[in-house]
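**Q** After the C-alpha cells below, expect a handful of questions from me.
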C-alpha cells in the first residue's frame with residue numbers, strides 16, 4: 001500500500017520534476033514526508049509569492065512547468081499574484097495547494113477558502129483531487145495543459161485526508177511530446193504574397209518568440225529574408241541584438257525613435273506577438289498591414305487586428321514561409337537606412353559621468369559587466385523602460401522582464417531561479433528600492449541555497465514610475481516617497497555581502513568585484529531620474545512636433 005502523497009510525488013518525478021518551491025503547512029505534511037524520501041528537492045522560500053515567481057521563471061526558461069506548493073487558505077491565496085504572473089506571461093507552472101480533509105470535518109470551516117474557485121480566472125485549470133486513484137491521471141493532465149499553447153499555470157488542490165489515504169500502487173502515465181502542427185499552406189501563400197509585394201517590410205518579435213522551442217527558427221527566418229526587425233520588451237534576445245538588422249526595442253507604444261521605422265513600414269510581420277503585452281505599436285486605419293505569426297490565433301484588439309494569420313509551430317512554419325520568399329525581396333532592407341540614427345539616439349548620453357548616475361549610464365555599465373550568456377532579471381519600475389530601450393541582448397531570455405502583469409516583487413525571485421538553473425553564468429537582479437522590499441526576505445533563501453547572485457538596488461526612495469506619471473500629468477508630488485533601511489547592513493544581516501556605490505566611475509569596478517567574490521552580494525546605487533522627463537516626455541514630444549511641422 002502507498003499513500004496519496006506518495007502517488008503525487010511519484011507522478012511529479014515521472015514528469016521530470018527536480019525541485020518543488022514553497023512554504024508547507026500542516027495540511028501538506030504527508031507530501032513533505034513523501035518529498036523527503038524522494039530525489040525531489042524541497043526549496044523552502046520565505047513567502048509563497050516568491051515560490052510562485054520562481055516556479056513560473058523555471059517554466060519561462062525551460063519550457064517545462066515549474067512546481068510550487070503551499071498550504072490551504074492564506075498560504076494558497078499568497079500564490080494569486082504568481083498565478084497571474086504566469087498566466088499573463090505564458091509561463092507553464094503547476095501549483096499544489098493543501099486543504100482540510102473532505103471525507104470528514106474535524107475543524108468545521110476554520111481557514112477554509114474556496115481556493116479552486118478563486119484560482120479559476122487565474123489558471124488554465126483549477127481542480128480538487130478527491131480520490132487517490134485519480135492522482136496519476138490528474139498530474140499528467142495538469143502538466144500537459146500547463147505546457148500546451150498558450151502555456152500557463154494549473155492548480156491542483158490535494159486535501160489532507162486524500163494525501164494521507166492509503167491505496168494500492170498505481171502506474172504513472174508516461175509523458176508524450178506535445179506536437180504542434182505547422183501553418184496551413186494557404187495561409188503561408190497569402191503571407192508570402194503580402195511580403196513579396198511589400199515596399200518597406202519590418203519584422204516584430206514578441207513575447208512568444210522567446211519560447212525555448214522558437215528561437216532557432218526565428219533567427220533563421222530573419223537571416224534568410226534579410227528583413228530588419230525590432231522587438232517588444234519580452235521579445236528581446238530572440239534574435240541577437242548585435243546583428244546588423246536589429247532596429248531597436250519598442251519600450252513605449254508610440255513616438256519613440258524606433259517608431260520612425262514602424263511608422264514608415266507598409267508591412268509588419270508580427271512573430272509571437274501576444275496582446276497581453278503593453279502595445280509595442282498602435283494599429284490604425286492608415287497604418288501598415290500586419291501578418292500575425294503565432295502558435296495561437298491573434299486576439300483582435302482596437303490596437304491590433306492583423307490582416308493575415310499564420311498559425312502553427314512558429315519555427316517550422318517560418319521555415320516554410322522563408323522558402324517562399326527568400327532571395328525574392330529586393331526591398332527587404334528599405335528601412336535599414338534608419339537604423340544607425342535610431343540606435344545612436346537611444347544610446348545618447350550613455351557614458352555621461354554625472355552623479356547620481358542616469359538610467360542610461362547604469363544600463364551601459366551593466367552591459368559592460370554582463371557577458372553574452374549572462375542573465376539580467378528586472379523587477380518593475382521606471383528603469384525597466386530604460387533597460388528595454390537601451391540594453392542590447394545577445395541571447396534569448398538573457399533579459400528577464402515582465403511586460404504582461406508587470407508586477408513588482410518578481411525581480412529577486414526570478415533572478416534566484418536563473419542562478420539555480422545556470423550556476424556558471426553571471427546573474428544580476430536589478431530592482432528598485434520599492435520592488436526589492438516587497439520580497440527582500442528571499443535574501444535569506446538565496447544565502448541558504450548558496451547561490452552566486454548579485455542584486456543591484458536602484459535607490460530613489462520613491463515609487464518612481466508612478467511619481468514620474470504623477471509629474472507628467474501635472475499632479476502635485478504627493479504620497480509616493482518612503483524611507484529605506486541601510487541596504488548594506490540589511491544584506492549583511494542575512495549573511496550576504498553588501499556594497500554602496502559612491503561615484504559613477506565605481507559602478508563597473510564594484511559590480512565586477514561582486515561577481516568575482518561569488519555568493520550573494522547586494523550593491524546599492526542612487527539613481528537620477530530627471531532623464532525620465534527630459535527624454536521620455538520632452539525630447540519625444542519635440543520630435544513629434546518637428547515631424548508634424550515638416
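The values are calculated or read from the model by the stated rules, or taken from the named source; none is laboratory data. On a predicted model such as this, the values are computed, not experimentally measured, just so you know. Neighbour counts are summed over all protein chains in view; Cβ atoms, including those assigned to glycine, are modelled from backbone coordinates with ideal geometry.
**Q** Residues of the range 438-447 being under 13 Å from residue 50 (Cβ atoms) and in a helix (DSSP H, G or I), which ones?
**A** Of everything in the range 438-447, those that are under 13 Å from residue 50 (Cβ atoms) and in a helix (DSSP H, G or I) turn out to be 438, 442, 443, 444, 445, 446.
**Q** Let me ask something else. Looking at the range 199-244 only, could you name the residues that are in contact with a strand residue (DSSP E or B) (Cβ under 7 Å, 6 or more places away or on another chain) and at positive phi?
**A** 237, the sole residue that qualifies.
**Q** What residue, of 188, 205, is more than 30 Å from residue 252 (Cβ to Cβ) and crowded, with 17+ Cβ neighbours inside 10 Å?
**A** 188
**Q** Taking the condition at pLDDT 95 or above, out of contact with any strand residue (DSSP E or B) (no Cβ under 9 Å at 6 or more places or on another chain) and surrounded by fewer than 21 Cβ atoms within 10 Å (Cβ to Cβ), does residue 479 pass?
**A** When the stated conditions are applied, residue 479 passes them.
**Q** Give the residue, chosen from 285, 279, 330, that is at pLDDT 95 or above, in a loop (DSSP other than H, G, I, E, B), surrounded by fewer than 22 Cβ atoms within 10 Å (Cβ to Cβ) and at negative phi.
**A** 330
**Q** Can you pull out the residues in the range 464-487 that are within 28 Å of the chain's Cα centre (by Cα) and assigned to a helix (DSSP H, G or I)?
**A** Passing the criteria: 464, 465, 466, 467, 468, 469, 470, 472, 487.
**Q** From the list 416, 382, which one is at pLDDT 95 or above and either closer than 25 Å to residue 461 by Cβ or buried (at least 23 other Cβ atoms within 10 Å of the Cβ) (or both)?
**A** Just one listed residue meets the conditions, 416.
**Q** Checking residue 502 against (1) modelled with pLDDT of 95 or more; (2) over 26 Å from residue 53 (Cβ atoms); (3) in a helix (DSSP H, G or I), only one condition comes out false. Which one?
**A** (3)
**Q** Look through 450, 533 and report the one residue that is in contact (Cβ under 8 Å) with a residue 12 or more places away in the chain, surrounded by fewer than 20 Cβ atoms within 10 Å (Cβ to Cβ) and outside any helix (DSSP H, G or I).
**A** That would be 450, the only listed residue that is in contact (Cβ under 8 Å) with a residue 12 or more places away in the chain, surrounded by fewer than 20 Cβ atoms within 10 Å (Cβ to Cβ) and outside any helix (DSSP H, G or I).
**Q** Just one of 495, 409 is part of a loop (DSSP other than H, G, I, E, B), in contact (Cβ under 8 Å) with a residue 12 or more places away in the chain and under 29 Å from residue 123 (Cα atoms); which is it?
**A** Step by step, each of 495, 409 is checked, and only 409 is part of a loop (DSSP other than H, G, I, E, B), in contact (Cβ under 8 Å) with a residue 12 or more places away in the chain and under 29 Å from residue 123 (Cα atoms).
**Q** Scan the range 224-242 for residues that are modelled with pLDDT of 90 or more and within 20 Å of residue 376 (Cβ to Cβ) and jot them down.
**A** 230, 231, 232, 233, 234, 235, listed by residue number.
**Q** Which residues, counting only those in the range 321-339, are free of Cβ contacts under 8 Å to residues at least 60 places away in the same chain and either touching a strand residue (DSSP E or B) at 6+ places or on another chain (Cβ under 8 Å) or within 19 Å of residue 231 (Cα to Cα) (or both)?
**A** 337
**Q** So which of 75, 16, 25 ends up being under 25 Å from residue 402 (Cα atoms) and outside the structural domain of residue 415 (by TED's automatic domain parsing)?
**A** Only one candidate qualifies: 75.
**Q** Do we find that residue 247 is in contact (Cβ under 8 Å) with a residue 60 or more places away in the chain and either under 21 Å from the mean Cα position of the chain (by Cα) or under 26 Å from residue 178 (Cβ atoms) (or both) in this structure?
**A** Answer is no for this residue.
**Q** Scan 473, 528 and give me the residue that is free of Cβ contacts under 8 Å to residues at least 12 places away in the same chain and either assigned by TED's automatic domain parsing to the domain that holds residue 409 or closer than 25 Å to residue 356 by Cα (or both).
**A** Within the list 473, 528, the selection yields 473.
**Q** Of everything in the range 299-310 that's farther than 21 Å from residue 264 by Cα and modelled with pLDDT under 95, which residue is surrounded by the most Cβ atoms within 10 Å (Cβ to Cβ)?
**A** 299
**Q** List, please: which pairs have Cβ atoms under 6 Å, are six or more places apart or on different chains, and start with a residue in the range 422-440 that is surrounded by fewer than 24 Cβ atoms within 10 Å (Cβ to Cβ) and end with one that is part of a helix (DSSP H, G or I)?
**A** Between residues of the range 422-440 that are surrounded by fewer than 24 Cβ atoms within 10 Å (Cβ to Cβ) and residues that are part of a helix (DSSP H, G or I), the close pairs are 426/515.
**Q** Within the range 133-155, track down each residue that is surrounded by 24 or more Cβ atoms within 10 Å (Cβ to Cβ) and either free of Cβ contacts under 8 Å to residues at least 60 places away in the same chain or within 30 Å of residue 106 (Cβ to Cβ) (or both).
**A** Correct list: 135, 139, 142, 154, 155.
**Q** Since residue 115 meets every condition but one in (1) within 23 Å of residue 414 (Cβ to Cβ); (2) crowded, with 18+ Cβ neighbours inside 10 Å, which condition does it not meet?
**A** Residue 115 satisfies every listed condition except (1).
**Q** If I filter the range 91-102 for residues that are farther than 30 Å from residue 294 by Cβ, touching a helix residue (DSSP H, G or I) at 6+ places or on another chain (Cβ under 7 Å) and surrounded by fewer than 17 Cβ atoms within 10 Å (Cβ to Cβ), do I get at least one hit?
**A** Yes: the range 91-102 contains one or more residues that are farther than 30 Å from residue 294 by Cβ, touching a helix residue (DSSP H, G or I) at 6+ places or on another chain (Cβ under 7 Å) and surrounded by fewer than 17 Cβ atoms within 10 Å (Cβ to Cβ).
**Q** With the requirement that a residue be out of contact with any strand residue (DSSP E or B) (no Cβ under 6 Å at 6 or more places or on another chain) and either assigned to a helix (DSSP H, G or I) or touching a residue at least 24 places away in the same chain (Cβ under 8 Å) (or both), what does the range 297-310 give you?
**A** Of everything in the range 297-310, those that are out of contact with any strand residue (DSSP E or B) (no Cβ under 6 Å at 6 or more places or on another chain) and either assigned to a helix (DSSP H, G or I) or touching a residue at least 24 places away in the same chain (Cβ under 8 Å) (or both) turn out to be 299, 301, 303, 304.
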